[in-house]
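*Asks:* Just passing along the structure, written as structure tokens.
The values are calculated or read from the model by the stated rules, or taken from the named source; none is laboratory data. Just so it is clear, the structure is predicted and the values come from calculations on it, not from any experiment. As a convention, Cβ positions derive from the backbone with ideal geometry for all residues, glycine included, and neighbour counts pool all protein chains shown. Keep in mind that these areas ignore ligands, DNA and RNA; they rest on the heavy atoms of the full protein, side chains included. Shrake-Rupley method; radii C 1.70, N 1.55, O 1.52, S 1.80 Å.
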Amino acid sequence: MSKRKIQEAHLPIGECITQVQEILRVRLCHQQLPDRPEGLETQHKHLLELLKRTAVHGESNSVLIVGPRGAGKTMLLKCVLRDLLEEKEAQKNLLQVHLNGLLQTDDRIALKEITRQLHLENVVGDKVFGSFAENLAFLLEALKKGDRSSSRPVLFVLDEFDLFAHHKNQTLLYNLLDVSQSAQAPVAVVGITCRLDVLELLEKRVKSRFSHRQIHLLSNPTFPQYLAQVRTQLSLPADFPDAQFAEDWNASVKTLVEDKSAVDVLQRHFNSSKDFRSMHMLLMLCLSRVSVAKPAVKPADLLEASRLCFSDAKANILHGLSVLELCLIIAMKHLNDVYEGEPFNLQMVHNEFKKFLQRKSNSMYNFEQPVIMKAFEHLQQLELIRPLDSSAARIQREYQLMRLMLDHSQIMEALQKYPQCPTDIKQWAMSAFS
């Protein structure tokens with residue numbers, strides 16, 4: 001068959017849909033690095049120059065990348081590292097250590113992770129060090145080349161940098177920045193954070209050792225740019241096997257982003273978050289609704305995906321509670337209103353529930369104490385209520401102080417949607433919320 005005929009051949013619709021989903025899933029879930037980070041050329045050049053001085057010339061540096069979540073801080077750093085490692089000198093010498101404030105919650109864990117990432121477990125062995133500084137100095141000493149005159153450059157990337165500031169005495173930050181300032185070894189410390197006031201969290205001795213270089217990223221796309229991005233993310237590439245299907249698909253995407261109801265949904269998302277990750281989540285939900293019967297994304301799919309994105313998880317949990325558990329939540333809401341948000345215990349909730357029962361001459365809600373206790377514990381497991389403090393473990397369960405983790409609107413919405421909710425319970429709830 002000639003090349004032209006192969007290009008004109010039409011694939012079965014089912015196969016086209018499968019290929020569309022594969023291509024778009026990879027695009028939306030496995031974020032591929034762009035050749036050049038769009039709109040961040042200056043920051044890219046600055047950071048690359050800085051890290052090149054450490055990797056190639058053995059100069060120590062420290063820098064903070066600051067910006068809101070989803071602004072592209074990690075993407076910028078990954079692009080810079082990719083470009084940096086194209087240099088033979090950097091590729092051969094540069095060592096990288098990636099730490100995260102959410103994972104390395106104290107200096108001991110962080111040190112273990114540094115040792116693991118530098119492959120120095122065998123060197124450290126069972127040695128005992130007096131302090132963190134001695135341990136770090138030993139690790140950096142172990143990285144020196146054969147002539148012992150020069151170390152291999154090390155790049156420390158501290159994600160969630162602000163959380164490291166909460167470590168005891170900020171020992172990790174102090175020692176890393178001290179090494180980078182005193183030129184004991186070529187070290188670059190790159191912090192990534194979304195807190196603008198991060199320098200205020202640092203102790204004076206740590207702050208004095210920091211270079212005060214900051215690279216700010218401000219994610220501020222306009223709505224037309226956001227719409228253009230939606231269209232780009234959903235469009236099929238020119239080399240799609242079935243050219244006719246790709247043309248129809250891209251035309252349907254163009255129609256979608258011009259549809260008024262679809263634009264309203266996207267405007268709502270844009271107003272709540274300009275973060276491209278939340279946009280990818282929305283488009284992923286739309287993509288899951290595409291099938292052979294519906295081979296295009298329609299405004300109705302976008303509306304349904306938006307509803308799922310904005311749905312309240314806690315309010316959804318309430319729809320699956322038993323009538324008794326719902327009664328206990330309403331009793332807690334009564335107590336919250338009466339005592340202006342003060343914590344409560346099971347005994348107080350039970351007494352409030354009894355008051356409701358006393359109004360009914362023949363109540364069907366007469367539950368034994370163990371059953372009520374079990375329902376109360378289930379609410380705690382679902383994290384709809386939370387103990388006031390951890391020391392409460394020694395107190396009898398009935399008297400353990402709790403707080404309600406739901407607000408007025410969540411409870412009211414759950415009551416409206418609760419399947420066959422008894423009328424007297426609804427009335428009791430309305431009296432609490434009036």
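*Asks:* What about Leu163, is it open to solvent by 60 Å² or more (accessible area, probe 1.4 Å) and under 20 Å from Val66 (Cα atoms)?
*Replies:* Spelling it out, it is not the case that Leu163 is open to solvent by 60 Å² or more (accessible area, probe 1.4 Å) and under 20 Å from Val66 (Cα atoms).
*Asks:* Right, another one. I'd like the full set of residues that are surrounded by 14 or more Cβ atoms within 10 Å (Cβ to Cβ) and either not hydroxyl-bearing (Ser, Thr, Tyr) or not assigned by the TED database to the domain that holds Ser306 (or both), limited to segment 265-275.
*Replies:* Val265, Leu266, His269, Phe270, Lys274, Asp275 - these are the residues of segment 265-275 that are surrounded by 14 or more Cβ atoms within 10 Å (Cβ to Cβ) and either not hydroxyl-bearing (Ser, Thr, Tyr) or not assigned by the TED database to the domain that holds Ser306 (or both).
*Asks:* If the requirement is being touching a helix residue (DSSP H, G or I) at 6+ places or on another chain (Cβ under 6 Å) and either among the β-branched types (Val, Ile, Thr) or surrounded by fewer than 18 Cβ atoms within 10 Å (Cβ to Cβ) (or both), which of these qualifies: Leu357, Leu328, Leu382, Leu318? Break it down into steps so the answer makes sense when it comes.
*Replies:* Working: Leu357 fails: touching a helix residue (DSSP H, G or I) at 6+ places or on another chain (Cβ under 6 Å); Leu328 fails: either among the β-branched types (Val, Ile, Thr) or surrounded by fewer than 18 Cβ atoms within 10 Å (Cβ to Cβ) (or both); Leu318 fails: either among the β-branched types (Val, Ile, Thr) or surrounded by fewer than 18 Cβ atoms within 10 Å (Cβ to Cβ) (or both).
The unique qualifying residue is Leu382.
*Asks:* Over 14 Å from Ala110 (Cβ atoms), surrounded by fewer than 20 Cβ atoms within 10 Å (Cβ to Cβ) and of a type in the set (Ser, Thr, Tyr): is that true of Ser180 in this structure?
*Replies:* Values: over 14 Å from Ala110 (Cβ atoms): yes; surrounded by fewer than 20 Cβ atoms within 10 Å (Cβ to Cβ): no; of a type in the set (Ser, Thr, Tyr): yes.
So Ser180 does not fit the description; no.
*Asks:* Looking for something surrounded by fewer than 20 Cβ atoms within 10 Å (Cβ to Cβ) and over 21 Å from Leu94 (Cβ atoms) - is there at least one such residue anywhere in segment 138-160?
*Replies:* Among the residues of segment 138-160, at least one is surrounded by fewer than 20 Cβ atoms within 10 Å (Cβ to Cβ) and over 21 Å from Leu94 (Cβ atoms), which makes the answer yes.
*Asks:* Name the residue that is modelled with the highest pLDDT, counting only residues in segment 113-122 that are part of a helix (DSSP H, G or I) and open to solvent by 80 Å² or more (accessible area, probe 1.4 Å).
*Replies:* My answer is Arg116.
*Asks:* Among the helices (runs of 4 or more DSSP H) confined wholly to segment 25-112, which include 3 or more residues that are under 27 Å from Asp197 (Cβ atoms)?
*Replies:* In segment 25-112, 41-55, 73-84 are the helices (runs of 4 or more DSSP H) which contain 3 or more residues that are under 27 Å from Asp197 (Cβ atoms).
*Asks:* Conditions first: (1) closer than 22 Å to Gln31 by Cβ; (2) under 29 Å from the mean Cα position of the chain (by Cα). Val265 passes all but one, so which condition is the exception?
*Replies:* Unmet condition: (1).
*Asks:* Shifting gears a bit: Among the residues of segment 381-403, are any part of a loop (DSSP other than H, G, I, E, B), of a type in the set (A, V, I, L, M, F, W, C) and either in contact (Cβ under 8 Å) with a residue 60 or more places away in the chain or touching a His at 6+ places or on another chain (Cβ under 7 Å) (or both)?
*Replies:* Yes, segment 381-403 has at least one match.
*Asks:* Still on this structure, please answer the following. All but one of (1) touching a helix residue (DSSP H, G or I) at 6+ places or on another chain (Cβ under 7 Å); (2) under 30 Å from Leu201 (Cβ atoms); (3) among the acidic types (Asp, Glu) hold for Glu49, so report the exception by its number.
*Replies:* Glu49 satisfies every listed condition except (1).
Listed here are the residues, each with its yes/no results for (1) under 22 Å from the mean Cα position of the chain (by Cα); (2) surrounded by 19 or more Cβ atoms within 10 Å (Cβ to Cβ); (3) in a helix (DSSP H, G or I); (4) at pLDDT below 85.
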{"site": "Thr232", "(1), (2), (3), (4)": "no, no, yes, no"}
{"site": "Leu236", "(1), (2), (3), (4)": "no, yes, no, no"}
{"site": "Glu247", "(1), (2), (3), (4)": "no, no, yes, no"}
{"site": "Arg277", "(1), (2), (3), (4)": "yes, no, yes, yes"}
{"site": "Cys286", "(1), (2), (3), (4)": "yes, yes, yes, no"}
{"site": "Asp301", "(1), (2), (3), (4)": "no, yes, yes, no"}
{"site": "Cys309", "(1), (2), (3), (4)": "yes, no, yes, yes"}
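*Asks:* Can you tell me which condition Ala313 does not meet? The list is (1) open to solvent by less than 50 Å² (accessible area, probe 1.4 Å); (2) within 30 Å of Arg277 (Cα to Cα), and all the others hold.
*Replies:* (1)
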